[in-house]
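Structure first, then comments.
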Amino acid sequence: MKYDFSAIEKKWQDKWDEAKIFNAADHSDKPKFYGLVEFPYPSGSGMHVGHIKAYSGLEIIGRKRRMQGYNVLFPIGFDAFGLPTENSAIKTGIHPRELTDRNIAKFSSQLRRVGFAFDWDRVVDTTEEDYYKWTQFIFLKMFENGLAFRDTALVNYCPHCKVVLSNEDSQGGKCDICHSDIVQKSKDVWYLRITEYADKLLQGLEEVDYLPNIKMQQVNWIGKSRGAFVNFGLTAGDETLRIYTTRPDTLFGVTFMVIAPEHPIIEKLAAEGKINNMDEVKAYQEECTKKTEFERTQLVKDKTGVCLDGVKGINPVNGKEIPIYLADYVMMGYGTGAIMAVPAHDERDYDFAKKFGIDIIEVIQGGNIEEAAYTGDGPMVNSDFLNVYDNKADSIAAMIEWLQEKGIGEGGVQFKMKDWAFNRQRYWGEPIPIVHCPTCGMVPVPYEELPLRLPPVTEFEPGQGGESPLAKLDYFVNCKCPKCGGAAKRETDTMPQWAGSSWYFLRYIDPHNSEALADMDKLRYWLPVDWYNGGMEHVTRHLIYSRFWHHFLYDLGLVPTAEPYAKRTAQGLILGPDGEKMSKSRGNTVDPNDVVNELGADVLRVYILFMGDYGSAAPWSDNGVKGCKRFLDRVADLSGMVKGGEPNPKVESAIHKTLKKVTMDIEDMKFNTAIAAMMGLLNDISDAGSITKDQLSIFVRMLCPFAPHLCEEMWEQMGGKGFCSLAEWPVWDEAKTIDATAELAVQINGKVRGKVILPMNADKDTAIAAVKADEKLASLIEGKTVVKEIVIPNKIINIVVK
RNA sequence: GCGGGCAUGGCGGAAUUGGCAGACGCGCCGGAUUUAGGAUCCGGUUCCUUAUGAGUGCAGGUUCAAGUCCUGUUGCCCGUACCA
């Protein structure tokens, strides 16, 4: 067959579009399959080969399942709010709406040219009013339920982007967008109380099928720890100082306390005049605020601190008076912002004690505290009580019980995960639907007024004070309070980019609904998402956020399942030809359009899945692409090899073996070995020199998910009914996958010395007899004592001789 | 530091889970075809001092049998980071 890929690909894409063959039915007798891929951010630079790999996994699985008779939902959309578009608008003066529309159009045409089997009637765009109306709706539900709140706090602030970032967006002390250093700034910010769902998010992981490393990353991110809160007395004032510890068993080893530089007790004590060295304390506090997060966590492992003069702590278990230090190795954002320091059994406390010359008292045996802190378990010593417990688990539980009995403290739980900083001082995002009224306080915009539309503006620069461009619009800001009717001001911040993506998979289920975010019957039919595939970089952000929103919606009764995704997998990166991560600055990027133009979409699809294990990173190779081109060229030539008559038995067996392998490998995302098996089959067919029409029909259908355009064309030429993409997935004949004979390797003392061919499943005696009948093998055994004979049917014979 | 993962030819990577290491592809070598190049086709391709040879980062161990399991070790990658 002549393989004019550009003509063939255009032809079939048009036909699929026209017949809408990939559109999902909302209800059906067939089993349903909801395959979800992470929708792209439509950037101006267009699609990346990484996008194609990310979508190809479920593209293949979805196409195969459709052929197997499933009702498949495989949607796509655009996560289009966000800073890159806004920054581009600032640069070019073109409105983000127009840029977004252009970029979406570009992405859509690129996706179509690759031939993805998306349901194009369900496309979702997070920046459309009909969509963000419901994002705002969910926000208001959270506000009503006390999960959205405003607080003044130290936040991660990017001085370059002039925007507050969440913890998840400032990992490693760098801005996720521009990679500048983050500074800590006190600001009035919106939070979503995700910590309220920390336990549910943790427990929910037990019922879902996520890759183990994805689960583990989420568990670590949530960071649950069990321990105790203990109240320490003070030698001055009425206050007590509450600390959190995971090691209450070391309470007798406490020799000092440390509080975060921002700890509120300092102001209280200062107001009462209890602190004698306030100048020194203030100087230290200032020094700390100047440090960037990066300096505080990465560079300055060297401990610094100031001792409070005038106030000491009192250890409740033994009444000892101990000094209190301010030090920035204790964070206000975790626990209570204050710790009991046990230098003998905590590395940080040890370093601090060494530097400041504080006593180190061993209370757990097992290490050498002259040299280093011992953080392991062991028998308790130097502790006035409970020394009957020499097992850590017991002593901690017993200690907590004892603390509770004495009224000194109680057991508690802490999470590393922090509440989600939820506002951005930017234009291109969902407006937060809240009105600030001088008399009523914060008032939600009534539901019937949603969507609260983003007003048209021409200047997108944030203000000097870091306020949103919306703050400059008097007509937007000044409004009436929905509650009392008095003059009020609108919230001018917008939501972060992660808002729209936290529920988009629900909107695919019912994308045009104007009454609800989605119809409950349809949600019941489609949820949960059967299989979600995406990048590892999103497992501690989007994947956590969207699970949080979904759990919340479930608690409101708006969705039928607690967990949104039944299964989550991840694809590996495509690296540049130099083996490094692709980046424009390195100049090692590959444009998928070039490949589509030069060699065709089918080649691109096959190569991306053939280049390596789907879940691992693999470097791009232009030569590797050519190899896949050769493969498809040779497949196209199969049409000319069709002959009537009896099928070649070797080919027949190879076809069924390959079909079995491909069918199973696809479900395991082992696309590379599935393609390798089909290449091997093609070699077998070439050797045989002919193929029957039935055999070709099987070949074309099993290749169809990978190279659908070519397969449609071949299917049509061989007179196949309808679309190949809708044809029935062939089923292998198990009998044909079993050979009549097996070749067994014969080992003497573990070394392969020859081979014998035996009937399938031949027994041990037959096998040994065959070895002895072989002249060469028999001579190797002759005259020696046979110690042992091991026969693994159809595989190997090992004879141990002396 | 902590948590997780990986290590196989010149290269990307296979290996039904303990049973013939190197499938498949690239590259390379030789041949055919071609005025030539490209493309295509055919054959070869782990290494070597060619022999009862060696070989899956390194050193041990278990086993009839180890890329696969165990112990130690080195290097790389990812995540996270003063989390009390």
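Nothing in this text is a laboratory measurement; each read-out follows from the coordinates by a stated rule. What you are looking at is a predicted structure, and each value in this text was computed from that prediction instead of being measured. Heads up, the Cβs are rebuilt from the backbone with ideal geometry, glycines too, and the neighbour counts pull from every protein chain shown.
A compact table of results
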item: Rg/Rh for region A:304-346, where both radii come from Cα atoms and Rh is the Kirkwood radius; result: 0.96
item: Stokes-Einstein D (µm²/s) once Rh is taken as the Kirkwood radius of region A:442-554 over alpha-carbon pairs, at 25 °C in 0.890 mPa s; result: 142 µm²/s
item: Cα extents of region A:585-716 along the three principal axes, largest first (Å); result: 59, 29, 24
item: Peptide ranges A:442-449, A:570-577 listed from the most packed, as the mean C-beta count within 10 angstrom indicates; result: A:570-577, A:442-449
item: Order of A:375, A:235 under a 10 Å beta carbon neighbour criterion, fewest first; result: A:235, A:375
item: Descending Cα extents along the principal axes, region A:218-350, whole Å; result: 45, 37, 23
item: For region A:74-137, alpha-carbon Rg relative to the globular expectation (2.2 N^0.38 Å, N residues); result: 1.22
item: Region A:156-217, Rg to Rh (Cα coordinates; Rh as Kirkwood inverse mean 1/r); result: 1.11
item: Using θ = phi - 60° and Karplus 6.51 cos²θ - 1.76 cosθ + 1.60, couplings along region A:198-212 (whole Hz; Gly, Pro as x); result: 4, 5, 5, 5, 6, 5, x, 5, 6, 9, 10, 9, 9, 4, x
item: Relative contact order for region A:570-667, counting Cα pairs under 8 Å that sit 6 or more residues apart, in percent; result: 28 percent
item: √(5λ) per eigenvalue of the Cα gyration tensor, region A:168-270, largest first, Å; result: 33, 23, 14
item: Cut-off 10 Å between beta-carbons: net charge of the residues surrounding residue A:479, Lys and Arg +1, Asp and Glu -1; result: +3
item: Reachable lysines from residue A:751, criterion Cα separation under 18 angstrom, eight or more residues apart if same chain; result: A:772, A:776, A:784, A:788, A:795, A:802
item: Against the rule of thumb 2.2 N^0.38 Å, how large the Cα Rg of region A:53-190 comes out; result: 1.36
item: More than 37 angstrom apart: percent of Cα pairs within chain A; result: 57 percent
item: Theoretical ellipticity at 222 nm over chain A - DSSP helices of four or more residues, -39500 (n - 2.57) apiece, nearest 500; result: -10500 deg cm²/dmol
item: For region A:555-641, diffusion coefficient by Stokes-Einstein and Kirkwood Rh (Cα), 37 °C, 0.692 mPa s, µm²/s; result: 210 µm²/s
item: Lysines with Cα under 26 Å of residue A:522, excluding same-chain neighbours fewer than 8 positions away; result: A:20, A:30, A:32, A:64, A:133, A:141, A:200, A:567
item: Listed peptides A:551-564, A:396-409 by packing density, highest first (mean Cβ within 10 Å); result: A:551-564, A:396-409
item: HN-Hα J in Hz across region A:787-801 - Karplus 6.51, -1.76, 1.60, θ = phi - 60°, x for Gly and Pro; result: 8, 7, 10, 10, 10, 9, x, 6, 10, 8, 10, 10, 10, 9, 10
item: Centre separation in Å (Cα based) which lies between region A:540-605 and region A:201-238; result: 28 Å
item: Listed peptides A:751-759, A:332-340, A:764-772 by packing density, highest first (mean Cβ within 10 Å); result: A:332-340, A:764-772, A:751-759
item: Cα Rg, Dmax (largest Cα-Cα span) when computed across region A:674-726, Å; result: 11.0, 31
item: Projected area averaged over orientations for region A:742-802, convex hull of C-alpha atoms, nm²; result: 3.4 nm²
item: DSSP beta bridges in chain A [antiparallel fraction, %, rounded to 5]; result: 75 percent
item: Principal axes of region A:662-802: Cα extent on each, largest first, Å; result: 69, 31, 22
item: Radius of gyration, Dmax [region A:382-481; alpha carbons; angstrom]; result: 26.3, 74
item: Kirkwood Rh (inverse of mean 1/r, distinct Cα pairs), region A:504-624, angstrom; result: 17.2 Å
item: Whole-number D in µm² s⁻¹ for region A:223-283, Kirkwood Cα-pair radius fed into Stokes-Einstein, 37 °C, 0.692 mPa s; result: 244 µm²/s
item: Long-range HN-HN contacts of residue A:309 with modeled amide H, under 5 Å; result: A:276, A:277
